[in-house]
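Structure, as structure tokens:
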């Protein structure tokens, strides 16, 4: 359970104050506001604020393109057109602010997305809580034998038990010693900014993260992808559900053109054209390397 | 008058739809929403949306600094502390979206602030309106005799009249010919993306501009400054009034520490210390160049 | 002729000083350095400096991926892999600095690429030169009848002559009056920051523009594209030639995967799969809108 | 000793290839290139490449400000003027690429500077080395009793010994278990992307980090400051020495106006003016809060 009664009370309190506004509002997002959506064993994603809706995208596009876009009376058609043709600036007109609790090793991947605003809990100022990510049994995988940066089959039996035991024991010991070093009981107590160095990467941190919709889509395309590490993917998937409630038209276009879409090289689309004319194309006649050809076949097979 | 009856009707309509939200709202900003604040002869600034308030800043700071900041129970004290110590990320948690109508030469300065989102009216797609900035008589200045990039005294009499006449006549002729080249009456009509090149830099354009509060403060510090060009400064000043209504505590800290503050070099603060001990310091004994010393004296005199 | 004898002498001088370095150097870029590549009637692109080469990309990738990438002994294979899988950060390790002279309306499009460093000639400080872009006859097109933001067939005969005459006359008059307003001969002289507003968008400006290779590729993909406005495309095309000499492997991958590649939506790739299995797919059975289907057919036909 | 013989051989090899270039070169930087400057117990900073020199700054400024700046014949005077007046873009025209080895908790602070390019060693792909930061005895401090995010006096005697023992033992055990979980000897072996979560924040990582001079100065102002955490400050100080050799004029201006300079609020400069006129100003009559007054007195006392 990621929330303390105190935290739940804060959420309930925040949700109880209804105000009037003449800004764009989205009922689906009002229902999400402040609530903690659990992710992993102690993590969560919460919507703290949002700006704009689907219409904010078309409104901005119509400022850019003026009367020319008035003909496209259909908002959804315009949004799909913008997505298809990589017109990114109208999507930047929507903004979302999230409160996320996540393991440090996930935070380290996440922060590489630079076009966002972040306020992270500071372990120089404050003492971190004793909360560590310990994988569920079905998320405890062996190293992939084909992919240097992926995982393979699920560990089982004794090996799984041994790994879980090690992760738990090392987390516990590291935190015990963190506390022991910080303690001012009979000693001076180590500085917090130093003591934190003893904590492993599966400890939880938290931050406020604010991003525009265009950059959020970029994040989701990479992190909700099947090749992303499971532990960040589950955050991205939870965020996808939220975005679907926030800007359903834009999210639909994103799913079709980005998540479900594929990029074909000049060589690959040339092969497709030849195949559609009935030519039998092989790797040898494709001009592609073995690796490219394998990926190309996967695209054609939909695997 | 910058607004057509059609535009005014759109604003009235937008302002008439009250919705319920549990997000942070600011009554002072609700009063501004959608209204056009006139700037220059045809320009305006309108608030289209906003995210966050003063509390959103301290809330983010408290996520970063955790329990350590709970002692600073006073939100204003915490905001002033953050501003004084250049903690920029909490201010990034507020966001504003503006609709601005402005002359192209002002837009060219404005766009140099890169950390913002922009959707500008496209003269490739659409035809620009016949609206040009013609300075008011008290904004028609001679080149400064002391500052390469500034203006000096106001032009008067015949010279002023001549300049105004030239600006008006050239604008009118340029637009007449723009229309003539575009016309498809008895001819093919030049492409809009080409015809626009005939239009001078005092024609008005418009855009949606979205920015976080930290970057907005940076913009305002440079553009509301006395050394900024008058034609962008009036926009910045109008925005200052809006921001004062949006986040009054943050704006107060910004005024004291940024707009009203001064930066002293190591040499300058050393001189101040010596002067406070009673030493008579001159340029020769200051270690400063003539230019630095003159600026230093201006700071001490408050001029 | 874009260069004055004085400018040519500066270039010759800059090219005459050979120094020793142990940094990565690229002979193909040394040959380009400082030279002005003419673009349009008065514009140019010049390489002022560069950092890195193809190996700088793989070197950075190997820092990221460590021993795992050592197996890919082939630099070109690794670069193609990185491009294919959207690994952008290794490409950011190369940097280029250009000096560009370009019409203001081109500069206004260009500057929308925010992730770059820019120093533009300031018309507040200095007086602009009397140089205007006047399209060559084969670049003087009518508005497209099918594309709101494109151009159609070339103007001919009297209409072309009339347009060229108007562009020339208005440029000349605008500049004459710019000078007349600035003049301090018998009058105070209007401030430069004001006088510039009379100048049309086809006047030339210039800037130093510095960008990393990843963001440069993004710029080139959009601006060297057939849908880009001709007047910016010619700059992009000139830059493509330079980049091909700088990082030939990366540029080859860019050409294949970005410039020559296509993005297919989930619906589109599904149709391809069905077609390859022999199904006759029509717009009705594709799930696509009429516009999407038309673009899809263009992709399949290679038009 | 941070370098293996293999690494030293690579550096020697890289330094042995002299090439000819007509780009700007800086002898002081050529002397630094590729060499590892040791920082902390296992870290280093190495210059991999650089672009530009002091003249590249003034050259860019002169493009911006044109003939107006030619009067300032003195490059150093112009650079100081640009720094004093916050003209940041000319400083962006210089770029540096560093290879840095650093503890993860330092990397987590460092990465918050978003305007830079980074390629970090990936612990998903590769196995991290067994190298941990263990503070030297004089860098093992107690929590500050006055500053929530600082450290106080050095730990001594038994407490110091106990802390060092804990840090070493936990690092060793964590790494032993990391290896045990990864091992494919008699078991499948945990995925690297999972096993890494057991490693504490004092393990070393490494990255290539590329940044322009303006943003580097911003980094150095914050991280070479006396309030920065010691473990990142030593990196910043090492980088300051490198930058002083690279762009000595710009670094001199940076030291005087940024590192050695102070920012005074409107209230503070008003107090200075009153004090210089002979008025006795106290906190009560200053308009400042107790905290501000204390900081103001520190500035005046130079402490």
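The values are calculated or read from the model by the stated rules, or taken from the named source; none is laboratory data. Computed from a prediction, not measured in an experiment: that's the story for all the values here. Note that we place each Cβ from the backbone using ideal geometry, even for glycine, and neighbour counts take in every protein chain shown.
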> In region A:1-67, which strands (runs of 3 or more DSSP E) lie fully inside it and hold 3 or more residues that are within 12 Å of another protein chain (Cβ to nearest Cβ) and at pLDDT 95 or above?
Replying inline: A:19-21, A:43-51
>> Please go through (1) out of contact with any strand residue (DSSP E or B) (no Cβ under 6 Å at 6 or more places or on another chain); (2) more than 10 Å from chain D (Cβ to nearest Cβ); (3) within 30 Å of residue A:49 (Cβ to Cβ) for residue A:179 and return the number of the only condition it doesn't satisfy.
In response: (3)
> Quick one: how many residues across region B:233-246 are out of contact with any strand residue (DSSP E or B) (no Cβ under 9 Å at 6 or more places or on another chain) and either outside any helix (DSSP H, G or I) or farther than 25 Å from residue A:60 by Cβ (or both)?
Replying inline: 2
> Which members of region D:1-35 meet the condition of being touching a helix residue (DSSP H, G or I) at 6+ places or on another chain (Cβ under 6 Å), farther than 22 Å from residue D:206 by Cα and touching a residue at least 40 places away in the same chain (Cβ under 8 Å)?
Replying inline: D:26, D:28
> How many of the residues making up region A:159-198 are within 24 Å of residue D:109 (Cα to Cα) and buried (at least 17 other Cβ atoms within 10 Å of the Cβ)?
Replying inline: 17
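Does residue C:102 meet the test of being at pLDDT 95 or above and more than 29 Å from residue D:56 (Cβ to Cβ)?
Details: at pLDDT 95 or above: yes; more than 29 Å from residue D:56 (Cβ to Cβ): no.
It is false that residue C:102 is at pLDDT 95 or above and more than 29 Å from residue D:56 (Cβ to Cβ).
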> Restricting to region C:105-158, what's the tally of residues that are away from chain D (no Cβ under 14 Å), surrounded by 15 or more Cβ atoms within 10 Å (Cβ to Cβ) and in a helix (DSSP H, G or I)?
Replying inline: 6
> Taking residue C:206, is it crowded, with 18+ Cβ neighbours inside 10 Å, at pLDDT 95 or above and more than 11 Å from the chain's Cα centre (by Cα)?
Replying inline: yes
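For residue D:195, indicate whether it is more than 27 Å from residue D:36 (Cβ to Cβ), in contact with a helix residue (DSSP H, G or I) (Cβ under 9 Å, 6 or more places away or on another chain), assigned to a helix (DSSP H, G or I) and touching a residue at least 60 places away in the same chain (Cβ under 8 Å). Walk me through how you get there before you give the answer.
Working: more than 27 Å from residue D:36 (Cβ to Cβ): yes; in contact with a helix residue (DSSP H, G or I) (Cβ under 9 Å, 6 or more places away or on another chain): yes; assigned to a helix (DSSP H, G or I): yes; touching a residue at least 60 places away in the same chain (Cβ under 8 Å): no.
No: the conditions fail for residue D:195.
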> Filtering region B:68-99 down to residues that are at pLDDT 90 or above and facing chain A (nearest Cβ under 8 Å), which residue is farthest from residue A:23 (Cα to Cα)?
Replying inline: B:89
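Which one is surrounded by the fewest Cβ atoms within 10 Å (Cβ to Cβ) among residues in region C:75-97 that are touching a residue at least 12 places away in the same chain (Cβ under 8 Å) and outside any helix (DSSP H, G or I)? Steps first, please.
To start, the set of residues in region C:75-97 that are touching a residue at least 12 places away in the same chain (Cβ under 8 Å) comprises C:75-76, C:78-80, C:82-84, C:87-97.
Those still in the list that are outside any helix (DSSP H, G or I) too: C:87-88, C:94-97.
Details: C:87: 19, C:88: 16, C:94: 29, C:95: 25, C:96: 23, C:97: 23.
Going through the qualifying residues, I end up with C:88.
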> Do the conditions hold for residue C:38, that is, is it in contact with a helix residue (DSSP H, G or I) (Cβ under 8 Å, 6 or more places away or on another chain) and at negative phi?
Replying inline: no
> When you go through D:117, D:74 one by one, which is the residue that is more than 26 Å from residue D:223 (Cβ to Cβ) and not assigned by TED's automatic domain parsing to the domain that holds residue D:193?
Replying inline: D:74
>> Condition check: crowded, with 21+ Cβ neighbours inside 10 Å, touching a strand residue (DSSP E or B) at 6+ places or on another chain (Cβ under 8 Å) and more than 23 Å from residue C:37 (Cβ to Cβ). Does residue C:100 satisfy that?
In response: no
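Looking only at residues in region B:270-303 that are in a loop (DSSP other than H, G, I, E, B) and exposed (fewer than 13 other Cβ atoms within 10 Å of the Cβ), which one is nearest to the other protein chains (Cβ to nearest Cβ)? Lay out the reasoning, then the answer.
Start the filter on region B:270-303 by keeping residues that are in a loop (DSSP other than H, G, I, E, B), which leaves B:277-282, B:287-289, B:302-303.
Narrowing further to those that are exposed (fewer than 13 other Cβ atoms within 10 Å of the Cβ): B:277-280, B:282, B:302-303.
Numbers: B:277: 10, B:278: 10, B:279: 12, B:280: 12, B:282: 15, B:302: 6, B:303: 11 Å.
Residue satisfying both the conditions and the ranking: B:302.
For every residue, the table says whether it meets (1) away from chain D (no Cβ under 12 Å); (2) touching a strand residue (DSSP E or B) at 6+ places or on another chain (Cβ under 6 Å); (3) under 30 Å from residue A:176 (Cβ atoms); (4) outside any helix (DSSP H, G or I).
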site: A:207; (1), (2), (3), (4): no, yes, yes, yes
site: A:210; (1), (2), (3), (4): yes, yes, no, yes
site: A:214; (1), (2), (3), (4): yes, no, no, no
site: A:218; (1), (2), (3), (4): yes, no, no, no
site: A:221; (1), (2), (3), (4): yes, no, no, no
site: A:226; (1), (2), (3), (4): yes, no, no, yes
site: A:231; (1), (2), (3), (4): no, no, yes, no
> Looking at region A:235-269, which of the residues that are touching a residue at least 60 places away in the same chain (Cβ under 8 Å) and within 7 Å of another protein chain (Cβ to nearest Cβ) is farthest from residue C:264 (Cα to Cα)?
Replying inline: A:256
